[in-house]
Amino acid sequence: MATGRFAPSPSGRLHVGNLRTALLAWLFARSAGSAFLVRMEDLDAGRTREEHYRTQLDDLAALGLDWDGEVVRQSARSALYDDAIERLTAAGLTYECWCTRKEILDASTAPHGAPGAYGGRCRDLGELERAERRAGGRVPALRLRTDHQVVEVEDRQRGHYAGSVDDLVLRRNDGTAAYNLAVVVDDAEQGVEEVVRADDLLPSTPRQVLLARLLDLPVPTYAHVPLVLAPDGNRLAKRHGAVTLADRLALGEEPADVVRLLGASLGLIGSTPVELLDGFAPDRLPREAWVLGAELLQG
Ligand code: GLU
């Protein structure tokens, strides 16, 4: 038994890709007889829309997905994140960073790792330089001081994955905890033992594993599942047509039709999530992205 979860950001209606990931996370948990939690990742206040806490939960429920306990909101949990950041700071593992987005992109010297990885401009500022920047009044972000080590992950779906970890942001300069920190703190605090999510987050996983280790928190197991793509090969989005449950219902479909469609894309047969449990086996799941047919999105 390994408690699972689905952690959407309430920034819009869930689309078929999000719903399929939610269904998979539920299938992994329930097929193992485990608890399944839902957590709203709403730290980005600029993107969060109040109505979508409700639409997202309603859509999950309409498909027949159930969850255990209260749905938590990250926006109500900042004390937990502050506490974790304090522990890292006390261990000498953080530093302030005044770089703008543009400066980070312009720094062509980033020696390590992924595009967009932080080059370390503020890492070794002297006390005087720091004092100058503090006096400048701009609020700094807080970064993790890493040694760019390579962290390895054994993913249940994707196998071995390794990535070098850069000096990631822990607290953004608007004062909110960054995603990578919050997700690690929450998964541990909520007792999540198995993270099932879309595989666009696989590259973030080494960062999260390192953070969990540094914070002395249990590292969950991971299963990254393929994305759903639009007919043009891009990530699915509203502009691609009838992508949300509401859009599908407006075409005259029932929630059961959507469950059947999602199930069929996974090689499973059934009109409810419980029926899909029957043939579910993680090692038989497709490994490639599901590319939606154009006809499907026009209804
Ligand atoms: N909130 C993230 C998203 O909606 C998912 C985070 C996760 O599952 O770790 O993409």
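The values are calculated or read from the model by the stated rules, or taken from the named source; none is laboratory data. Owing to the predicted nature of the structure, the values given are computational and were not obtained by experimental measurement. Cβ: placed from backbone, ideal geometry, glycine included. Neighbour counts: every protein chain shown. Surface areas here come from the heavy atoms of the whole protein model, side chains and all, with no ligands, DNA or RNA. Shrake-Rupley method; radii C 1.70, N 1.55, O 1.52, S 1.80 Å.
Under Stokes-Einstein, with the Kirkwood radius over Cα pairs standing in for Rh, what whole-number D in µm²/s applies to the chain at 25 °C and 0.890 mPa s?
Calculated translational D: 119 µm²/s.
Only Lys, Arg, Asp and Glu carry charge here, each on its Cβ (+1 for the first two, -1 for the last two); on that basis the stretch 154-299 has a dipole of about 320 debye about its Cα centre. Here the 3J(HN,Hα) profile of the stretch 153-160, calculated from phi with Karplus coefficients 6.51, -1.76 and 1.60 at θ = phi - 60°, is 10, 9, 8, 5, 9, 9, x, 6 Hz, Gly and Pro shown as x.
Which of the listed residues, VAL291, ALA212, ALA256, is farthest toward the dipole's positive end in the stretch 180-299, when Lys, Arg count +1 and Asp, Glu count -1 at the beta-carbon? Sorting the options by dipole projection puts first VAL291.
Taking the accessible area of the chain, probe 1.4 Å, and keeping the other protein chains in place, the carbon and sulfur fraction comes to 51%. Database note for the chain: Cys without another Cys beta carbon under 4.7 angstrom, CYS99.
Considering only the stretch 86-244, what is the antiparallel percent among its DSSP beta bridges, to the nearest 5? Just about 70 percent of them are antiparallel.
Bridge orientation summary for the stretch 1-144: considering DSSP beta bridges with both residues in this region, about 45 percent are antiparallel.
If only the Cβ of Lys and Arg carry +1 and only the Cβ of Asp and Glu carry -1, the dipole of the chain around its Cα centre is close to 660 debye. Between the listed residues GLN190, ASN234, ALA131, the Cα displaced farthest toward the positive end of the dipole of the chain, a dipole computed from Cβ unit charges relative to the Cα centre, is found at ALA131. Please name whichever of PHE28, ILE85, CYS97 sits farthest to the positive end of the charge dipole of the chain, dipole taken about the Cα centre and charges placed at Cβ: Lys and Arg +1, Asp and Glu -1. Comparing the listed Cα positions along the dipole, CYS97 ranks first.
For LEU170, nonlocal amide neighbours, meaning residues 5 or more places apart or on other chains whose placed amide H falls under 5 Å from its own, are LEU142, ARG143, LEU144. Note on the chain: antiparallel DSSP beta bridges, both residues inside, total approximately 55 percent of the bridges counted. VAL169 contributes about 40 Å² of solvent-accessible surface, heavy atoms of the protein only, 1.4 Å probe.
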